[in-house]
Structures are given as structure tokens and as C-alpha cells.
């Protein structure tokens, strides 16, 4: 079973629709974690079951939203779970391409996004050009990996990357067939999230003993 988790604020439904339209043919189910105030209504997808979990608490804790979706996907006996930003539009073979290489190298996590193919086997500082793509990545469900909810806005993807390295490795494929439509837009436009990002970086360094990428 293949599932996807997509948190959304509910304020750009046309963009979310593009994200879901791209991933739905590639998975058995999708958990949309709805962080809007009033709740959203989605159209049905003939190729994938869609579950909506409403969690309106503000400010958003992205790691908590991811975990709500991951736990539901694990309950559904998913073998692999994709975690996507709601503005990430994956290519038609993205899921299979990543999983194939994860299986070849027995890795616990994978994504596209590197300048050259790389496998990370131990936690450590990673160049931005070689890091797990936080807007579109896949976890192997057997490890039941969950995000650290202390990292509420930033570095949650980096923490999952380090956890995956401990469990068997993270693979990052060269190139990036994912269209990330509005990278870092929410952080740039929200002062509170900018401050939260600095705190999350501090907490990540306190936990792991290094920055996730070079200063």
C-alpha cells in the first residue's frame, strides 16, 4: 500500500487540487491534514481514497500535522508514505522512481532534488544541494518514523532525514521533477513563522549537535 500525506492551510484550494491530481494516480490513499479554520471540501479521486483530518490549531505545528497524517497512513498498513507540501506537483512516475531506488539501497527515506545522486548513511551536516527535499519525500513505513513535534515549523524534514539515516539511510536522486510552486512563501510573509524558524534551528542543533546545512 502506498499513501501520501498533504497538510494544507485551505487558502489555496486550486493549488492543492493540482497537488492531489498529480499524486492520486500513484497511491492507494491520501491523508489531507486540514489546518483551515472552517474545514475544506475536496472532490473525490477515482484512483485513491482520500481522508481529511481537520486540525485548525494556530499557529500551525507542521510536525504535528505531518504526524497526524503519518499515523493514519501507518494504521492503513501503508508500506511507503509520501509527505508533500500542498504546492508540490510531482511528476507522473515520481513515487515509483523514488521507491525503486530506496529499495535497491534499502533506504528508509528518499526524494529527488540533488545535484548528483547521493546516499546519506549517517547523520551530519548536508549541503543544500544534497539534502532530502522537504516539500516532497517518501518514508518507508516499516520504521514508523514520526516528526519531532518540538520542531514546529522548520527543520522537521531535516530531523526525519537524520532519523532515516540511522534506520538505513536516505537517498536523494539527481534532478528534481517536482514543481514546487511557492517555496518558502509562508515563512517569508509571516514574521511569527520566521521567529519560529530560528527557534526550531536552535532546537535542532541542541538535539543533533550540528546545523542541518552549512551556515
Across 117, 95, 137, the residue with the highest GNM fluctuation in the chain (Cα network, 10 Å cutoff) is 117
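Could you work out the percent of alpha carbon pairs in segment 2-208 separated by over 24 Å, rounded to a whole number?
That fraction is 35 percent.
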Kirkwood hydrodynamic radius (C-alpha pairs) into Stokes-Einstein, segment 125-215, 20 °C and 1.002 mPa s, D in µm²/s: 151 µm²/s
Distance in nm between residue 100 and residue 44 label points, each 7 Å along Cα→Cβ, equals 3.3 nm
Most mobile listed residue (169, 110, 39) in the chain, GNM with C-alpha springs under 10 Å: 39
Ratio to report: Rg/Rh of segment 55-95, with Cα atoms as the point set and Rh obtained by the Kirkwood method; give two decimals. 1.03
Log10 I(q)/I(0) at q = 0.09, 0.10, 0.21 Å⁻¹ for segment 1-116, from Debye over equal alpha-carbon scatterers, is -0.23, -0.28, -1.20
Sum of -39500 (n - 2.57) over DSSP H runs of 4+, divided by residues of the chain (222 nm, nearest 500): -10000 deg cm²/dmol
Take the alpha carbon atoms of segment 150-176, find their center, do the same for segment 23-50, and report the distance between the two centers in whole angstrom. 24 Å
In a Gaussian network model of the chain with springs linking alpha carbons closer than 10 Å, the residue among 88, 79, 164 that fluctuates most is 79
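Any read-out appearing in this document is the output of simple, stated calculations on the displayed coordinates, not a laboratory observation. The shown structure was predicted, so the numbers you read here are calculated from the model rather than taken from an experiment. Counting neighbours? That spans all protein chains shown, and the Cβs are built from the backbone with ideal geometry, glycine included.
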